[in-house]
Amino acid sequence: MSRLRTFLGRTVEALPEPLSLALRPAAYRYPLAEKPEPVPILDGDVRLLIGHANYAAQGYWFARAAERLDGVAAINLHLLGPNEKYGFPADRTVSRQVFQHSAHWRREHFRRVADHYTHVIIESGFPMFGKLFNHSTAAEIEALREHGVQVAMIAHGSELRLPSRHVQLDEWSPYAGDRWPDTARLERVALRFRSLLERTGVPLFVTTQELLLDWPEATWIPLSIDLDRWAGGVPVLERERPVVVHAPTNPYLKNTALIEPTLERLHDEGIIEYRRLPSMPSTEMPSHVRDADIVLDQFGAGCYSVASVEGMAAGRVTIAHVHEQVRAVVRDTLGLEVPMVSATPGTLEQVLRDAVARRDHYRAIAAEGPVFTAAAHSGGPTAAALAAFLGRA
């Protein structure tokens, strides 16, 4: 029966698309208007596709950074989530329904990439062509290589970070004890990703410096943002009650449950005004950050994320649990010191009270943020990290 079902499915997929859609169960249909054109033929000696996670628009901004290199044209593809709400910029988007169920789009997409692109960067190990290669990223890499396409991968965090390794490093690890209910699954995810890297041997870029502990052969690729969107804002630490914001897109990773009682207590005492920012479109976030005095990022992973980069770019006092190893990578790679304040869930109250008491000291740290982000996270160092892979070193 399963062979017959497979045969019938392939037969239906081979039909002209309008007829194929009409013959499918409702759950496997999609509006033809949602089917995007294949990725375009780019004009450049090096033609790069990045996809398809686009976390915090990093796929999009990495493509813009790559285009700073001589002869490079780049584009990113963003697979839209089922409840897409952030509205991150992207060169091309594809709905999940089309990605999963349009054999026509998958075939057209692969042919365009294989025939016209020279380089592909796969984000987080996600298959780029869905069922075309039975959801096997390794098979996709092999097929692309057979067409002369060079392939690399980018890891952003949990796909590579091994919880069993991280929990040995830091008492505040989000994977310790029962802090993150999904820890066992994340261990399996990281082990599978490591296996994929070992089998394919592709170069790996990592967007957070502490991931170099998981894969020392990787290359750190600095996060990149649009600095202009974060410029300006209220003067820092001028209000009697400083505004402290925290946007826990992943509260487990950020250890929100460990820091929020402190924040709520300080709020109730009138020391700070705490604002927990809900999920919102990316276009709305800059105004909230520019209206804050202090931005809190994560308090467990040991690295700094896009939220910290945005806070520093806005000239806010930016606080997170940042390992010395992370600071050392930035120092050794770029010759820069990261102007962030380090704290743990155990020291955050002391740090916040100190910020209220010694405002000039913390204003000086905040003022270094825009200078640092302009030097480290505006695209130039990102392009430099990509140069060797793209043959432009």
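Among the residues of the range 336-350, which ones are free of Cβ contacts under 8 Å to residues at least 12 places away in the same chain and in a helix (DSSP H, G or I)?
Gln350
With respect to the numbered conditions (1) open to solvent by 50 Å² or more (accessible area, probe 1.4 Å); (2) in contact with a Leu (Cβ under 6 Å, 6 or more places away or on another chain); (3) in contact (Cβ under 8 Å) with a residue 60 or more places away in the chain; (4) under 24 Å from Thr262 (Cβ atoms), which one is the sole condition not fulfilled by Arg353?
Here Arg353 clears every test but (2).
Of the residues Ala384, Ala367, which is open to solvent by 50 Å² or more (accessible area, probe 1.4 Å), under 30 Å from Val46 (Cα atoms) and either assigned to a helix (DSSP H, G or I) or of a type in the set (D, E, K, R) (or both)? Full working, then the answer.
On the way: Ala367 fails: under 30 Å from Val46 (Cα atoms).
Within the list Ala384, Ala367, the selection yields Ala384.
Among the numbered criteria (1) within 30 Å of Glu34 (Cα to Cα); (2) in a helix (DSSP H, G or I); (3) touching a residue at least 40 places away in the same chain (Cβ under 8 Å), which single criterion is violated by Leu144?
Among (1) within 30 Å of Glu34 (Cα to Cα); (2) in a helix (DSSP H, G or I); (3) touching a residue at least 40 places away in the same chain (Cβ under 8 Å), Leu144 violates only (3).
Listed here are the residues, each with its yes/no results for (1) modelled with pLDDT of 95 or more; (2) farther than 24 Å from Asp226 by Cα; (3) of a type in the set (A, V, I, L, M).
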position	(1), (2), (3)
Leu253	no, yes, yes
Glu269	yes, yes, no
Pro278	no, no, no
Gln298	yes, no, no
Ala313	yes, no, yes
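Out of the residues in the range 308-335 that are in contact (Cβ under 8 Å) with a residue 60 or more places away in the chain and among the polar types (S, T, N, Q), state the one that is least open to solvent (accessible area, probe 1.4 Å).
Among those residues, the one meeting the criterion is Gln325.
Considering the range 38-83 alone, what residues qualify as being part of a loop (DSSP other than H, G, I, E, B) and crowded, with 24+ Cβ neighbours inside 10 Å?
Step one: filter the range 38-83 for residues part of a loop (DSSP other than H, G, I, E, B), giving 38-45, 53-54, 67-71, 80-83.
Passing the criteria: only Asn54.
The values are calculated or read from the model by the stated rules, or taken from the named source; none is laboratory data. Just so we're clear, the structure is a prediction, and the values are computed from it rather than from any experiment. Please note: Cβ atoms are built from the backbone with ideal geometry, for glycine as well, and neighbour counts cover all protein chains shown. In case anyone asks, the SASA skips ligands and DNA or RNA and just uses the protein heavy atoms, side chains included. Shrake-Rupley method; radii C 1.70, N 1.55, O 1.52, S 1.80 Å.
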